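Colleague: Please read through the structure below; I'll follow up with questions.
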Protein chains: 2
Amino acid sequence: MESNQSRAPSDAFGPSIYITQQQGTTRSAQQLLSPDERRRLALLASIQHFEAGDFLFHEGDPATTVYNIISGVAKSVALLEDGRQAVVAFFLNHDLLGMFEAQRYAQSAQAITPLTVYSLPIDALERLLRRDPNLQLHFLCKLSHELRAAQRQAIVLGKFSAIQRVALFLDFLDRHPQMHERDNEQVTIPMDRADIADYVGLRIESVSRVLQKLHRDRVIHVDGRHRFRILDRNAFNRAMGSPVTAPESIEASQSAIT
Amino acid sequence: MESNQSRAPSDAFGPSIYITQQQGTTRSAQQLLSPDERRRLALLASIQHFEAGDFLFHEGDPATTVYNIISGVAKSVALLEDGRQAVVAFFLNHDLLGMFEAQRYAQSAQAITPLTVYSLPIDALERLLRRDPNLQLHFLCKLSHELRAAQRQAIVLGKFSAIQRVALFLDFLDRHPQMHERDNEQVTIPMDRADIADYVGLRIESVSRVLQKLHRDRVIHVDGRHRFRILDRNAFNRAMGSPVTAPESIEASQSAIT
DNA sequence: CGTCTACTTGAAGTGAGTCAATAATGGTGG
DNA sequence: CCACCATTATTGACTCACTTCAAGTAGACG
């Protein structure tokens, strides 16, 4: 949190896995691994750098390595045989990439910004997980969080409007401390419009239009291509179509446990 | 040996987890658990029945139980605060339901047909998985398959047309032997149009129109509400937008590793 | 055999896509 | 440091796929 990277990783204690818990209003990130587990993982890991645009691996490659992101942003993309691309997920600090791909990587992974990662040979990792069931359970937990995130994304793509999709995506960035420089309101958008569009299931023109509409309506301030800030949190939450942060809308939303 | 439940289910050897592997053209289902592992799981499990329409659990309930389906079909649904429903997944024979929900179930689960399941208390299961890392690794493997399935679904919802979505859904049913009575071509559609619509991200009218169009075009035969059969496999594969089963289309599809 | 619900069909509306023309950005070399 | 160019993003006009609204029809079940 407070430190930065000297040349080793952010917090220099080895691989790191976070999950984000959502309890009603409060949201908290928590480290899944104990210092000791991180040390044991560090014994298998080596640190690797990628430039923006580099591929960590390609769809169909034999799956040999799991990556744990130390800094930077990556995406995982699937090619649709008609030439289009789908961005399946973005990966930030503490995320796990290339996990349990059953022989071959199911998607390609590409660095969006300069990237520093731990790379873990998959067979050594598997041996470790067989020896250490508690550690393995932490991986299981992370994986189940990814699953829930993927399901949420499927719901968003299946049911939500263009405005909702883009707002939800901006919210995803906003929730990540790494995207805020020195904890101000300013949020960095590391990827280009095409990546956003391929992630939220729209065309880049539609992404642009939504962004400009939110800007015109003074819900957010869009500053160039790679920066924005939320101006009106309530309006923004309304745009996402979710319950607002401050309790103020006493509508008909008090049936099931939300 | 196979002591425990004798009056029990179809294959009377305890919980069962399958994954479906896709190697180019060939597709194979494989049992992840050894007979011994299944026996050990059976010691924790009890068998439970549900009627069509019954809820196994509701969104927000404390997560206490993992279900392994013996027979029947269930769905997992999320409520969108505007009252709409999203069907996140359908669960068939051998599937795992309610896995690792971190305190509370993230979605509701409801039986679509009469349902028989093994129910596994989550804390006992967790203890077992801590003691048995190899078994745990099988759960990890299943979970990673679910993740990939959810990502695939997200791509489908984000990028594919109505025809493709419905065809892909029908293909999902067709690939499951349980949906074929006595291995003929006839496929059962256990769920109603609303469930299909909420799963593929369309309105029920659109699902109906696509179904009728495929019927009129003699790609499939729709027999009442709950039965169909594929008449023209190549046309059907074209409708899904995937590479055809029989190699016959030598178009421009030989670039990247597909 | 009648009634209820689930499904189908048609006509009209609309949100996002497409195509095409600018306009910002940002990187590069003069 | 600025001018230039190649990219990347925005904007506008038009189209189309899917939705919406509104009947009608057919299965299922008592």
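The values are calculated or read from the model by the stated rules, or taken from the named source; none is laboratory data. Note that the coordinates shown come from a computational prediction; the quantities given were computed from them, not determined experimentally. FYI the Cβ positions are ideal-geometry reconstructions off the backbone, even for glycines, and counts take in every protein chain you see. Note: accessible area is taken over every heavy atom of the protein model, side chains too, but ligands, DNA and RNA are not part of it. Shrake-Rupley method; radii C 1.70, N 1.55, O 1.52, S 1.80 Å.
Colleague: Go through the range A:200-221 and count every residue that is surrounded by 17 or more Cβ atoms within 10 Å (Cβ to Cβ) and either of a type in the set (Val, Ile, Thr) or closer than 18 Å to A:Met179 by Cβ (or both).
Modeller: 7
Colleague: Report yes if some residue within the range A:196-207 is away from DNA strand C (no atom under 15 Å from the Cβ) and either in a helix (DSSP H, G or I) or within 14 Å of chain B (Cβ to nearest Cβ) (or both); otherwise report no.
Modeller: Checked the range A:196-207: no residue is away from DNA strand C (no atom under 15 Å from the Cβ) and either in a helix (DSSP H, G or I) or within 14 Å of chain B (Cβ to nearest Cβ) (or both).
Colleague: Among the residues of the range A:204-227, write down those that are charged (D, E, K, R) and near DNA strand D (Cβ under 9 Å from one of its atoms).
Modeller: A:Glu205, A:Arg209, A:Lys213, A:Arg216, A:Arg225, listed by residue number.
Colleague: Hey, can you tell me all the residues within the range B:139-174 that are modelled with pLDDT of 95 or more and polar (S, T, N, Q)?
Modeller: Once the filter is applied, which keeps residues that are modelled with pLDDT of 95 or more and polar (S, T, N, Q), the range B:139-174 yields B:Gln151, B:Gln153, B:Ser161, B:Gln164.
Colleague: Can you find a residue in the range B:36-50 that is open to solvent by 60 Å² or more (accessible area, probe 1.4 Å), under 17 Å from the mean Cα position of the chain (by Cα) and without any contact (Cβ under 8 Å) to a residue 40 or more places away in the chain?
Modeller: No.
Colleague: Would you mention how many residues in the range A:119-131 are touching a Phe, Trp or Tyr at 6+ places or on another chain (Cβ under 7 Å) and touching a residue at least 12 places away in the same chain (Cβ under 8 Å)?
Modeller: Selection size over the range A:119-131: 1.
Colleague: A further question on this structure: Condition first: in contact with a Leu (Cβ under 7 Å, 6 or more places away or on another chain), at pLDDT 95 or above and more than 16 Å from DNA strand D (Cβ to nearest atom). Can you find one or more residues in the range B:185-202 that meet it?
Modeller: No; the residues of the range B:185-202 include none that is in contact with a Leu (Cβ under 7 Å, 6 or more places away or on another chain), at pLDDT 95 or above and more than 16 Å from DNA strand D (Cβ to nearest atom).
Colleague: Out of A:Ser144, A:Ser119, which single residue is of a type in the set (Gly, Ala, Ser) and in the same structural domain as A:Tyr18 (by TED's automatic domain parsing)?
Modeller: A:Ser119
Colleague: Let me spell it out: the conditions are (1) within 16 Å of DNA strand D (Cβ to nearest atom); (2) open to solvent by less than 50 Å² (accessible area, probe 1.4 Å); (3) within 14 Å of another protein chain (Cβ to nearest Cβ), and B:Asn237 meets all of them except one. Which number is the exception?
Modeller: (1)
Colleague: Name the pairs: first residue in the range B:201-226 and outside the structural domain of B:Val77 (by TED's automatic domain parsing) and polar (S, T, N, Q), second residue assigned to a loop (DSSP other than H, G, I, E, B) and surrounded by 16 or more Cβ atoms within 10 Å (Cβ to Cβ), Cβ to Cβ under 9 Å, at least 6 apart or on different chains?
Modeller: Correct list of pairs: empty, since none qualify.
Colleague: Just one of A:Asp61, A:Asp82 is in contact with a Gly (Cβ under 8 Å, 6 or more places away or on another chain), within 25 Å of B:Gly241 (Cα to Cα) and not assigned by TED's automatic domain parsing to the domain that holds A:Ala197; which is it?
Modeller: On inspection, the qualifying residue turns out to be A:Asp82.
Colleague: In contact with a His (Cβ under 9 Å, 6 or more places away or on another chain), within 12 Å of chain A (Cβ to nearest Cβ) and closer than 21 Å to B:Val88 by Cβ: is that true of B:Ser108 in this structure?
Modeller: yes
Colleague: Looking at the range A:140-161, I want the residues that are farther than 14 Å from B:Val88 by Cβ and more than 7 Å from chain B (Cβ to nearest Cβ) and have a partner that is away from DNA strand D (no atom under 16 Å from the Cβ) and in a helix (DSSP H, G or I) with Cβ atoms under 8 Å, at least 6 apart or on another chain. Which pairs are those?
Modeller: Note: pairs meeting the criteria are A:Phe160/A:Leu168.
The rows are residues; the columns are (1) within 15 Å of the chain's Cα centre (by Cα); (2) farther than 29 Å from A:Pro114 by Cβ.
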position	(1), (2)
A:Glu146	yes, no
A:Ala150	yes, no
A:Ile155	no, yes
A:Asp174	yes, no
A:Gln178	yes, no
A:Ile189	yes, no
A:Ala194	no, no
A:Leu202	no, no
A:Arg216	no, yes
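Colleague: Taking A:Val77, is it over 15 Å from A:Ile17 (Cα atoms), in contact with a Lys or Arg (Cβ under 6 Å, 6 or more places away or on another chain) and in a strand (DSSP E or B)?
Modeller: It is false that A:Val77 is over 15 Å from A:Ile17 (Cα atoms), in contact with a Lys or Arg (Cβ under 6 Å, 6 or more places away or on another chain) and in a strand (DSSP E or B).
Colleague: Within the range B:208-227, work out how many residues are of a type outside the set (A, V, I, L, M), in a loop (DSSP other than H, G, I, E, B) and either under 20 Å from B:Ala239 (Cα atoms) or touching a Ser or Thr at 6+ places or on another chain (Cβ under 9 Å) (or both).
Modeller: Number satisfying all stated conditions: 4.
Colleague: Just name the residue that is farthest from the chain's Cα centre (by Cα) out of those in the range B:80-99 that are surrounded by fewer than 22 Cβ atoms within 10 Å (Cβ to Cβ), hydrophobic (A, V, I, L, M, F, W, C) and within 9 Å of chain A (Cβ to nearest Cβ).
Modeller: Top of the filtered list is B:Leu80.
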